[in-house]
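Working notes for the structure below.
Values in this text are rule-based calculations from the coordinates and carry no lab data. Only a predicted model underlies this, so the values are computations on that prediction, with no experimental measurement involved. Cβ sites come from the backbone with ideal geometry, for glycine too, and all protein chains shown count toward neighbours.
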Amino acid sequence: MMSPSMTTVATASRPTYPVGVPIKFSADGAVQRYPGNTTVCHIPAGSPLLPGLHRVHDTLGSHPTLSRMIRLVPQESWHMTVLDGVRETECEPGMWPQGLEKEPLEACTKEFSRSLRQLGPELEKEGLAPPYRMRVRGFDPAVVGVGLEVEGATSEEQQRMRKLRDRLADTLGFRAPNHLTYQFHVTIAYWLRHVDGEDRTELNKVFTDLLPAVDMEFELGAVEFCTFENMCAYPRLFYLGDARE
């Protein structure tokens, strides 16, 4: 029997499906083409956060109800976005650098690569080099997906992370409309259905049970400039500041 929140009825206040459907995933969870570029820090191997992330992933994936409402992303793709680049399908004002809106994605990626390679060595001089000390604030509101909200481990580190975002944005040549309000996060899954009623209550219980497993500080390494064809893999082009690449 389908739970109430697994219906697909649109209301006046929201569309039929969560934001990521059908742009990033189909309604049945099939991966959709959604190309772009971005700057991220992947969760490093050996991070103390990984066991907790695995527990969240496995709990959601085996849940009798919630598992049918989500699309888990591959564990090797887990990362924290530092600053979004551009997406091929999102060319509205403010989402691409001025003058590049009509350029092919590949051309924009090439231009970003040139600029970011020049920036890399400057991060050390400006006090913006890794490691980045982060801490988990809790689970995000779970509207678009399931993930952890994270922030700098201290107020000073949070300020440094915001300054890093500013520096990256100025290097790429644009600040998205959400630049100042952007919340750092680590995504574990995307919703395929809205979560309401009993399912929302159950989700909150799951979060309460799992929070101790992820409530910690952790470190991230160098910022990576990556491309992507979908939301399941972020191949790295280079690390910022790595003279070998």
Item checked: Under-5 Å amide H pairs with L83, H placed in peptide plane, nonlocal only -> T39
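Suppose R0 equals 41 Å; then what is the FRET efficiency for E156 and R14 from their Cβ-Cβ distance, rounded to the nearest 0.05?
Values: r = 39 Å, r/R0 = 0.94.
Efficiency at R0 = 41 Å is approximately 0.60.
Summing +1 for each Lys or Arg and -1 for each Asp or Glu, what net charge is found among the other residues whose Cβ lies under 14 Å from the Cβ of C108? Write out the running numbers ahead of the final one.
Working: positive: R87, K102, K110, R114; negative: D84, E88, E90, E101, E103, E106, E111.
Computed value for this residue: -3.
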Next item on the list: For D140, list long-range residues whose amide hydrogen, built 1.01 Å from N in the peptide plane, is under 5 Å from its own amide hydrogen.
Entry: G147, L148, E149
Item checked: Neighbour-count ranking [beta-carbon atoms within 10 angstrom, fewest first] of V21, V223 -> V21, V223
Notebook entry, point to check: Mind listing the phi-derived Karplus ³J(HN,Hα) values for the stretch 144-160, rounded to whole Hz, using 6.51, -1.76 and 1.60 with θ = phi - 60°, and x for any glycine or proline?
Noted result: 8, x, 10, x, 9, 7, 10, 8, x, 5, 10, 4, 5, 5, 5, 4, 5
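Could you tell me the calculated FRET efficiency between D28 and K125, based on Cβ-Cβ distance and R0 = 45 angstrom, to the nearest 0.05?
Efficiency computed from Cβ-Cβ geometry: 0.35.
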Checklist line | Per-residue ³J(HN,Hα) for the stretch 202-215, Karplus 6.51 cos²θ - 1.76 cosθ + 1.60, θ = phi - 60°, Hz, x for Gly and Pro | finding: 5, 4, 4, 5, 4, 4, 4, 5, 8, 4, x, 6, 10, 7
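Can you put F238, F112 in order of Cβ neighbours within 10 angstrom, beginning with the fewest? Present the calculation step by step, with values, prior to reporting the outcome.
Numbers: F238 17, F112 24.
The fewest-first ordering by Cβ neighbours comes to F238, F112.
For each of T154, T59, count neighbouring Cβ atoms within 10 Å of the residue's Cβ, then give the residues from fewest to most.
Numbers: T154 12, T59 16.
Result, fewest neighbours first: T154, T59.
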Next item on the list: Name the residues whose placed amide hydrogens come within less than 5 Å of the amide hydrogen of V73, ignoring near sequence neighbours (fewer than 5 apart) on the same chain.
Entry: A189, Y190
Next item on the list: Return the sequence-ordered ³J(HN,Hα) values of the stretch 228-239 in whole Hz as given by the Karplus equation 6.51 cos²θ - 1.76 cosθ + 1.60 applied to θ = phi - 60°, using x for Gly and Pro.
Entry: 7, 9, 7, 8, 10, 7, 10, x, 7, 8, 5, 8
